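The structure appears right after this line, and notes come after that.
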Amino acid sequence: MALEERPVAKLDRAVIFLGPPGSGKGTQAKELAKLYGVPHLSTGDMLREHVEKGTPLGLKAKPIMEHGELVSDSLVLKMVAERIERPDCSHGFVFDGFPRTVTQAKYLGELLKQHGLRQPFVIHLVIGTSVLMRRLTGRRTCKRCGEIYNIYDRPPKVEGICDKDGGELYQRPDDREEVVGPRLHAYEKQTAPLVTYYRRLGFLHDMDARKSVEEVRNDILQSVASIRGAQ
Ligand code: AP5
């Protein structure tokens, strides 16, 4: 079913996308947020913006991100806490790349309670590492609107130009082959334990992320709609 044909209901909760680099978190999180009319909160995008602007946080984060490691919990938590205070988050939001450690997940649990929001709905994008290198090294992103392409599997109509708004496409510095390895390692070591953490709490919903973008999107929409229907 096309995105525009879906009935729009209130989300009223946090949705979390959990999965390794390149599993499709950004691609899917943007669409889900758009459908439900809630903010898409990518901690990676927020940090890249700080780096671009040269803020004190950006200056600290830059070398860490360039090495494919995780930025410290304290810096990320402050940034997230400030963001979800804004009024546009009152009917829920979609996290992409947060939480990434058990400390971040526990802190988020407290924040959600404080804001009177329900338990989060965690979408776990399940995929083996063998396809991730191709997805990451092939990724190109629009400088203007953030649309995500892949030169191998989802190329733009004109090389280097966004189909949607004609913006210039760029390659993220951490998508170079030598940084992808450390990013995958950081995921396995620090983020993968969240799969067990959220499964135990009963919040986790596994999705087969090897399928096409459209198939994964449909699986996610059905899953989110079914839990809403059950409430
Ligand atoms: P972040 O920006 O969050 O990067 P990431 O988690 O490594 O994830 P990616 O954005 O690389 O991948 P994705 O899963 O979103 O895939 P996408 O949809 O783009 O973080 C960057 C850095 O910031 C971190 O390394 C860390 O340093 C720091 N950071 C961020 N958050 C932090 C936190 N909470 N704590 C501490 N540090 C933090 O898709 C990838 C490609 O695949 C695209 O080309 C796309 O077109 C293609 N694709 C997507 N889906 C499919 C499909 N189904 N089939 C075929 N191709 C597909």
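Does Lys143 satisfy being over 20 Å from Leu18 (Cα atoms) and in contact with a Phe, Trp or Tyr (Cβ under 8 Å, 6 or more places away or on another chain)?
On the way: over 20 Å from Leu18 (Cα atoms): yes; in contact with a Phe, Trp or Tyr (Cβ under 8 Å, 6 or more places away or on another chain): yes.
Considered against the rule, which asks whether it is over 20 Å from Leu18 (Cα atoms) and in contact with a Phe, Trp or Tyr (Cβ under 8 Å, 6 or more places away or on another chain), Lys143 comes out as yes.
Against the conditions (1) surrounded by fewer than 19 Cβ atoms within 10 Å (Cβ to Cβ); (2) aliphatic (A, V, I, L, M); (3) in contact with a Pro (Cβ under 8 Å, 6 or more places away or on another chain), where does Val94 fall short? Just the number, please.
It is condition (1) that Val94 fails.
Residues that are part of a helix (DSSP H, G or I), in contact with a strand residue (DSSP E or B) (Cβ under 6 Å, 6 or more places away or on another chain), within 22 Å of Val122 (Cβ to Cβ) and within 15 Å of the ligand (Cβ to nearest atom): does the range 90-104 have at least one? It would help to see each step written out before you state the result.
The first filter runs over the range 90-104 and keeps only residues part of a helix (DSSP H, G or I), leaving 102-104.
Now restrict to residues that are in contact with a strand residue (DSSP E or B) (Cβ under 6 Å, 6 or more places away or on another chain): none.
No, that holds for no residue.
Residue by residue, here is whether (1) within 11 Å of the ligand (Cβ to nearest atom); (2) in contact (Cβ under 8 Å) with a residue 40 or more places away in the chain; (3) open to solvent by 50 Å² or more (accessible area, probe 1.4 Å) holds:
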site	(1), (2), (3)
Pro56	no, no, yes
Lys62	yes, no, yes
Gly68	yes, yes, no
Val71	yes, no, no
Leu77	yes, no, no
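Which one of these does Leu112 not meet: (1) modelled with pLDDT of 95 or more; (2) over 25 Å from Thr55 (Cβ atoms); (3) open to solvent by less than 20 Å² (accessible area, probe 1.4 Å)?
Result: Leu112 passes all but (1).
List every residue pair whose Cβ atoms lie under 8 Å apart, where the two residues are 6 or more positions apart in sequence or sit on different chains, the first residue falls within the range 20-46 and is aromatic (Phe, Trp, Tyr), and the second residue, located anywhere, is outside any loop (DSSP other than H, G, I, E, B) and open to solvent by less than 20 Å² (accessible area, probe 1.4 Å).
Tyr36/Val94
Could you list, ordered by first residue, the pairs with Cβ atoms under 7 Å in which the first is in the range 177-198 and over 10 Å from Pro21 (Cβ atoms) and the second is of a type in the set (Lys, Arg), at least 6 apart or interchain?
Partner pairs satisfying both residue conditions: Gln190/Arg100.
Answer yes or no as to whether Val71 is out of contact with any Asp or Glu (no Cβ under 8 Å at 6 or more places or on another chain) and outside any helix (DSSP H, G or I). Walk me through it before giving the result.
Numbers: out of contact with any Asp or Glu (no Cβ under 8 Å at 6 or more places or on another chain): yes; outside any helix (DSSP H, G or I): yes.
The answer is yes for Val71.
Taking the range 163-215 as the search range and keeping residues that are in a strand (DSSP E or B), open to solvent by 40 Å² or more (accessible area, probe 1.4 Å) and of a type outside the set (Asp, Glu), which one is farthest from the ligand (Cβ to nearest atom)?
First, the residues of the range 163-215 that are in a strand (DSSP E or B): 168-170, 204-208.
If we keep only those that are open to solvent by 40 Å² or more (accessible area, probe 1.4 Å) as well, we get 168, 170, 205-206, 208.
Cutting the leftovers down to of a type outside the set (Asp, Glu) gives us 170, 205.
Details: Tyr170: 12, His205: 16 Å.
Among them, the one singled out is His205.
The values are calculated or read from the model by the stated rules, or taken from the named source; none is laboratory data. From a predicted model like this one, the values you see are computed outputs, not experimental measurements. No Cβ is skipped: glycine too gets one built from the backbone with ideal geometry, and neighbour counts run over all protein chains shown. Quick note on the areas: whole protein, heavy atoms, side chains included, nothing else; ligands and nucleic acids left out. Shrake-Rupley method; radii C 1.70, N 1.55, O 1.52, S 1.80 Å.
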